[in-house]
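The values are calculated or read from the model by the stated rules, or taken from the named source; none is laboratory data. Just so it is clear, the structure is predicted and the values come from calculations on it, not from any experiment. FYI the Cβ positions are ideal-geometry reconstructions off the backbone, even for glycines, and counts take in every protein chain you see.
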Amino acid sequence: MQWPRFMRRPLNLISVPTIVEVLPLSKPGFAFGDPRQDVASLEINYGKGLLPFNAQSKSFIAPFPCQGEDAQLLLERLDDLPSKMMVALYESKTPLWPNFLIHHSGGDGLNLQGVRSCMRHKGQGFSEAWCVLPAKKMARLLRAQKVSKSLFLAPAWENKRFLGTALDYQRTLSLLENTQPLVDAERITVVMPHYDDEVLQCGGTMLRALAANATLQVIWLSDGSRGVSSVSHQKSSEIRRAEAEAAMAELGVKNMHHLDGVETKLAADDTICQQLNHLLSEFRPQRVHSVWWADNHVDHYEANLILERAWPHDLDATIAASGLWQVMPLRTVVELTDEQQAQKIKSLECYQSQIDAVDYARLSQHLDAYYAHQSDANYAENFWHVSAQQYFSALQNTQVKTRRWFG
């Protein structure tokens, strides 16, 4: 039996890392490569005192591993460490689930560091992402095993919400298998929780599909009522809807539907699920684009529960899931031309009310450059593309659905 896990419902981000200048580490030593080329804070804070891990080291630094051999090698090292020795894993090539960010006000950093700064610092500078835990807990987390909060005097950054969502993320990483290439489809549906998600998550792929004469249907689940804080909920909805329609005109999309769930309060209730079921049943898409459940945003997570409940039983389609608030490791990469990227950014700029708060244009440039770093293109989008059956089965197997919101 899977017991429910109760959390207070957030307005947007589910787990929020602590922003610091220095990590809670004493006399750190590094392994698996010199980290100073990836994370500038180590040179700033430790300088020549940062050495390869040795018998005098009191904490351990390494890059967050990709699944497979890299993870196994790291686990072998962690198992040999004292159980309470602090371990700090930094984000390098593979996205991690952070409990710390270190922000730098100048420069660009690596692509993932640019993405992190856009989300928290309005596009200024770059931010390093870190996951810091005692060795025994870090090893359990990397093995996708439950990690419990310390009973007494647990530090704030080792909180129950972070530990639970980090476990969900690790379980998800182990299930992102058998991704399929994105082949041309005649009918494609894009189901997104918010206005602007469709451009950020798959705007370039939409352009490619339209160029191949596909028919596109775009469905937004929420009403945009909380997106502009300086006006009423009704006015915010009107602004966001007008921006969305302008963005779709820029891309060339004409088939649009607004389901008007309450922004920040999306839930898989009868009304919205029946509406979505009807649209999918009528349109019969061959591929559906949406956000993955690990996207660290409450409405993005709930969008998966809505899609699962609304999915027509006789619909034989694939799901191409993508990430923004939590970057997805490389799976099915769709290369974009520089012209497609420029048109994507032009469409994104229609969402002026949102760009005023978050530099989404810079975020998209950094994110799409990261997704292209193993290809010949300058920009790309990235999806976990599988059958609907495999997607919903993986959603069940993560145990993420044991979450229960209150408040």
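Matching residues to (1) over 26 Å from V183 (Cα atoms); (2) crowded, with 23+ Cβ neighbours inside 10 Å:
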residue: Q275; (1), (2): yes, no
residue: S281; (1), (2): no, no
residue: E308; (1), (2): no, no
residue: V327; (1), (2): no, yes
residue: L330; (1), (2): no, no
residue: Q343; (1), (2): no, no
residue: L363; (1), (2): yes, no
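Enumerate the pairs (first residue in segment 249-277 and on the phi > 0 side of the Ramachandran plot and of a type outside the set (D, E, K, R); second residue anywhere and buried (at least 16 other Cβ atoms within 10 Å of the Cβ) and assigned to a helix (DSSP H, G or I)) with beta-carbon separation below 9 Å, excluding pairs fewer than 6 apart on the same chain, so at least 6 apart or on different chains.
Note: pairs meeting the criteria are G252/M206; G252/L207; T264/V298; T264/D299.
In segment 47-80, what count of residues is obtained for those that are part of a loop (DSSP other than H, G, I, E, B) and under 30 Å from the mean Cα position of the chain (by Cα)?
Total satisfying the criteria: 5.
Looking at the structure I just gave you, is R404 surrounded by fewer than 21 Cβ atoms within 10 Å (Cβ to Cβ) and either more than 30 Å from E238 (Cα to Cα) or among the aliphatic types (A, V, I, L, M) (or both)?
Spelling it out, R404 is indeed surrounded by fewer than 21 Cβ atoms within 10 Å (Cβ to Cβ) and either more than 30 Å from E238 (Cα to Cα) or among the aliphatic types (A, V, I, L, M) (or both).
Per-residue answers, yes or no, for (1) in a strand (DSSP E or B); (2) in contact (Cβ under 8 Å) with a residue 60 or more places away in the chain; (3) in contact with a Pro (Cβ under 6 Å, 6 or more places away or on another chain):
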residue	(1), (2), (3)
E302	no, yes, no
I319	yes, yes, no
E335	yes, no, no
L367	no, yes, no
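Give the residues of segment 81-93 that are assigned to a loop (DSSP other than H, G, I, E, B) and either under 22 Å from A154 (Cα atoms) or at pLDDT 95 or above (or both), sorted by residue number.
Residues satisfying the conditions are L81, P82, S83, K84, M85, E91.
Among the numbered conditions (1) in contact with a Phe, Trp or Tyr (Cβ under 9 Å, 6 or more places away or on another chain); (2) at pLDDT 95 or above; (3) outside any loop (DSSP other than H, G, I, E, B), tell me where M328 comes up short.
If we test M328 against (1) in contact with a Phe, Trp or Tyr (Cβ under 9 Å, 6 or more places away or on another chain); (2) at pLDDT 95 or above; (3) outside any loop (DSSP other than H, G, I, E, B), just (3) comes out false.
Could you tell me whether segment 49-66 includes any residue that is under 18 Å from C131 (Cβ atoms) and surrounded by fewer than 16 Cβ atoms within 10 Å (Cβ to Cβ)?
yes
Being closer than 29 Å to I14 by Cβ and loosely packed, with under 14 Cβ neighbours inside 10 Å is the filter here, so list the residues in segment 73-104 that pass it.
Hits for segment 73-104 are S83, K84.
State all residues of segment 139-170 that are crowded, with 17+ Cβ neighbours inside 10 Å and touching a residue at least 60 places away in the same chain (Cβ under 8 Å); if no residue qualifies, say none.
Passing the criteria: A139, L142, W157, F162, G164, T165, A166, D168, Y169, Q170.
Give me the pairs: first residue in segment 346-362 and over 19 Å from N12 (Cα atoms) and assigned by TED's automatic domain parsing to the domain that holds L207, second residue in a loop (DSSP other than H, G, I, E, B) and not β-branched (V, I, T), beta-carbon distance under 9 Å, and six or more apart or on different chains, which are they?
Close Cβ pairs (under 9 Å, with a partner that is in a loop (DSSP other than H, G, I, E, B) and not β-branched (V, I, T)) amount to L348/D196; C350/D196; A361/G123; A361/E349; R362/G123.
Answer yes if at least one residue in segment 371-389 is assigned to a loop (DSSP other than H, G, I, E, B) and under 16 Å from the mean Cα position of the chain (by Cα), and no otherwise.
no
So is V39 surrounded by fewer than 18 Cβ atoms within 10 Å (Cβ to Cβ), touching a residue at least 60 places away in the same chain (Cβ under 8 Å) and farther than 22 Å from W293 by Cα or not?
Criteria not met by V39.
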